[in-house]
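Single-structure report; data block below.
The values are calculated or read from the model by the stated rules, or taken from the named source; none is laboratory data. Predicted, not measured: the structure shown is a model, and the values here were computed from it. Here Cβ is always computed from backbone atoms with ideal geometry, including for glycine, and neighbour counts include all displayed protein chains.
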Amino acid sequence: MDVQSLERTLADLPIGGLRYFERVGSTNDEAIKWAEEGASDLSIVIADEQTAGRGRRNRDWFTPAGAALAFSMVVRPPLYTNLDSSHPPQSPGSVSRLTALGALSISNALLERYDLYVKIKWPNDVLVDDRKLAGVLVETTWIGDQLTAAVLGMGINATPASVPAENSTTTPATCVETALGRQVSRLNLLQSVVTQVIKWRLHLDSDNFQQAWENKLAYRGEWVNINPENGIKDQPPAEGKILGLDQDGGLILRSREGHLFTLRSSAYRITPITSPLPAAADQSQKKLR
Ligand code: BTN
């Protein structure tokens, strides 16, 4: 990867600017700094290697040299075409829709360019065969209570060298090349993902976007375990059947007792229950475990 080939790759796309680092701490940090200095809408920071790549809940994100695709896009308000909708930029729904924008863009890019069908595990993981292939981290900059920019950070495991060790992650991981059984160009992948972000970004409040997101939702119609991350006080039911998404991007589930509930915070880890038992039988099984 070098700056000339990146410029060529992105030449036909209406991006705001480009900064390339052979090695950097985190592209999200650089993009936040640049946004605060006035970076234009759709500016991109990309790195071949990150030494302090960051994931959700401040986890490390592995980005060794020459192996992954790690980049961050500055998205300026208005984040939605209809600012008077029920999704003002400050709402939690707004960050979850941007997270979904990243995940959906990666998913669509993989499908359109490589015919690879992936799923989105709420809220931000891109999965193939239950293994994580990519993740999205959205962070925001503010002046007072005014949102000035969102930074959409995307990390895609492109080659086997970018896959973190099994014991270092909460979800087992894989990469695009392993899923396809052949080599891919990180530049082509980048171009496809950026194209998708640009395409969907002005339709975040549309029914089409909601539908596209819901269609890719992993474990829809299936029973999952819900594990609150450390320090979370709200205790939803321990298990639920995923029904879909609400308008704010919350995950709607049904409990074993038949109550509907919605997860809004990304502080819950969802894992599939591989062979769900009927409700009554499941309760008795639970006691035996
Ligand atoms: C997650 O799944 O927890 C989110 C991972 C996001 C990683 C990307 S890589 C590019 C950008 N820079 C970072 O430090 N993080 C994001």
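Key figures
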item	result
Verdict on Leu180 being away from the ligand (no atom under 16 Å from the Cβ), farther than 24 Å from Asp246 by Cα, over 15 Å from the mean Cα position of the chain (by Cα) and among the aliphatic types (A, V, I, L, M)	yes
Residues of region 187-207 satisfying the condition of being within 12 Å of Leu104 (Cβ to Cβ), at pLDDT below 95 and buried (at least 18 other Cβ atoms within 10 Å of the Cβ)	Trp200, Arg201, Leu204
Test for Val151: is it buried (at least 24 other Cβ atoms within 10 Å of the Cβ), within 15 Å of the ligand (Cβ to nearest atom) and closer than 23 Å to Leu253 by Cβ	no
Matching residues, region 144-167, being within 19 Å of the chain's Cα centre (by Cα), polar (S, T, N, Q) and outside any strand (DSSP E or B)	Thr159, Ser162
Of the criteria (1) within 14 Å of the ligand (Cβ to nearest atom); (2) modelled with pLDDT of 95 or more; (3) of a type outside the set (A, V, I, L, M, F, W, C), which one Arg59 fails	(2)
Any hit, region 208-227, residues being at pLDDT below 90, surrounded by 13 or more Cβ atoms within 10 Å (Cβ to Cβ) and more than 20 Å from Val138 (Cα to Cα)	yes
Yes/no for Asp29 being more than 26 Å from Glu177 (Cα to Cα), assigned to a loop (DSSP other than H, G, I, E, B) and out of contact with any Asp or Glu (no Cβ under 8 Å at 6 or more places or on another chain)	no
Any hit, region 9-23, residues being assigned to a helix (DSSP H, G or I), more than 16 Å from the ligand (Cβ to nearest atom) and either among the small types (Gly, Ala, Ser) or over 17 Å from the mean Cα position of the chain (by Cα) (or both)	yes
